[in-house]
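The values are calculated or read from the model by the stated rules, or taken from the named source; none is laboratory data. Bear in mind the structure is a predicted one, so any value in this text is a computation, not a measurement. Cβ atoms come from the backbone with ideal geometry, glycine included; neighbour counts cover every protein chain shown. Ligands, DNA and RNA are stripped out before the accessible areas are found, and what is left, the full protein with its side chains, is counted by its heavy atoms. Shrake-Rupley method; radii C 1.70, N 1.55, O 1.52, S 1.80 Å.
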Amino acid sequence: MEIGGFFPYEKNSSETNGYIDLVCPNAGDVIHLMSGRCAIYLCLQDSMLTDTKRTAYLPAYTCETVSGCFVKAGYKIYYYDVDQSLVPQFDDSLIDKISFLLICGYYGFSTFDTDFVRTCRSRGVTVMQDTTHTAFSPSGPCPDSDYVAVSLRKWMGVTSGGLAFKRTGRFGVSPVPADKEHLKIRDRALRTREEYERTGDEALNKKSADAFWEAEWMLREIFDMQEGDGESLQTILHYPLAEAVKKRRDNYAYLLEHLPDNPSVRPVFPHLPQDTCPMFFPFLCEDRESLMKHLAAAGIPPKVYWPVPPFIDIGTYPGAHYIYEHIMSISCDQRFTRDDMQRVSDVFQEFMEGR
């Protein structure tokens with residue numbers, strides 16, 4: 001079986017996992033949504049009830065579906081750059097021009113300057129943290145965030161993976177009904193993926209991927225503030241979280257120790273802090289295409305997050321521009337064992353020796 005790919009349905013625990021309190025302890029309100037972008041959009045719609053300035057400060061290195069929420073909501077947008085360690089390069093001179101700040105971590109790691117966030121909030125800027133990349137990290141959210149949004153589909157097998165949190169008070173907007181056709185296609189993708197992982201039948205792998213991308217492209221067209229389904233919420237609340245965190249950390253640590261050392265293929269995060277649960281293992285690669293082809297041929301399909309969103313003039317953000325062109329990641333999640341990670345290391349070694 002390949003090392004990678006999206007998640008199937010998995011076995012859950014009979015016990016609850018306390019995930020809501022991990023994401024945002026003592027939240028004033030929590031709403032389960034169809035997707036992470038639905039959660040972001042709901043938070044935006046709630047903020048717009050009082051935000052007349054409607055000017056946002058977003059990361060230049062981000063997913064099109066994140067910045068697309070702000071475009072759809074009609075916000076004026078400034079972007080901040082990142083360096084090669086994915087540390088945001090905030091501009092203090094913009095604080096008085098913005099009304100909304102979006103912060104996030106990357107691949108499990110929180111990298112933003114909390115002092116800047118605190119300053120923004122003290123000067124009346126609304127802060128939202130997108131914890132999609134740090135969804136399982138024990139560090140929890142930034143205490144100066146007003147909203148928290150998360151998507152869990154890169155962490156577990158779930159049909160509706162969005163959660164929106166308002167730290168103080170209740171949301172002043174309500175979700176609209178979920179799109180049943182989208183959920184039906186997503187369910188088919190997960191069930192087919194489950195069968196693939198059980199049988200190893202590559203025809204099922206393709207069938208599940210086709211359904212996954214059909215649902216993804218559909219979501220880009222229809223996303224709003226759609227609510228999630230009850231079965232997905234129970235999956236989120238009963239997922240074996242502690243076990244998943246331990247396996248991800250163990251796999252990441254194993255790769256750090258055993259991957260061949262080469263300056264042309266270097267980990268973005270060469271250390272694993274105690275308060276971090278990795279989403280993937282990201283690299284910066286000088287010859288990314290060749291390495292990606294080598295990995296894919298060996299059954300280790302790599303990921304590139306993300307293509308440059310169409311809303312950004314990326315040439316004015318050299319750090320993010322470099323990241324978009326050089327980053328890739330591989331899976332190290334809870335489905336995979338130490339033997340799988342050794343297989344990854346061996347395939348990397350083969351690539352280095354063939355250079």
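For this structure, a couple of remarks:
- Inspection of segment 21-44 finds a residue satisfying the criterion of being more than 20 Å from LEU183 (Cα to Cα), β-branched (Val, Ile, Thr) and modelled with pLDDT under 95.
- Looking only at segment 294-306, and only at residues there that are over 19 Å from the mean Cα position of the chain (by Cα) and in contact (Cβ under 8 Å) with a residue 40 or more places away in the chain, the one that is surrounded by the fewest Cβ atoms within 10 Å (Cβ to Cβ): GLY299
- In segment 243-260, the residues that are under 25 Å from THR16 (Cβ atoms) reach residues that are in a helix (DSSP H, G or I) with C-beta atoms within less than 9 angstrom, at least six apart or across chains, in these pairs: ASP250/ARG338; ASP250/MET341.
- Answer from ARG198, ARG249 - the residue that is more than 20 Å from the chain's Cα centre (by Cα), more than 12 Å from MET34 (Cβ to Cβ) and of a type in the set (Lys, Arg): ARG198
- Set side by side, the residues PRO309, PRO273 differ, and just one is more than 20 Å from ILE3 (Cβ to Cβ), in contact (Cβ under 8 Å) with a residue 60 or more places away in the chain and open to solvent by less than 20 Å² (accessible area, probe 1.4 Å), which is PRO309.
- Of the residues making up segment 102-130, just one is assigned to a loop (DSSP other than H, G, I, E, B), open to solvent by 10 Å² or more (accessible area, probe 1.4 Å) and touching a residue at least 40 places away in the same chain (Cβ under 8 Å), namely SER110.
- TYR61 touching a residue at least 60 places away in the same chain (Cβ under 8 Å) and either out of contact with any strand residue (DSSP E or B) (no Cβ under 7 Å at 6 or more places or on another chain) or open to solvent by 10 Å² or more (accessible area, probe 1.4 Å) (or both): no
- The set of residues from segment 64-93 being aliphatic (A, V, I, L, M) and open to solvent by 60 Å² or more (accessible area, probe 1.4 Å) comprises just one member, VAL71.
- Taken over segment 312-328, the criterion of being within 17 Å of TYR252 (Cα to Cα) and surrounded by fewer than 20 Cβ atoms within 10 Å (Cβ to Cβ) is satisfied by no residue.
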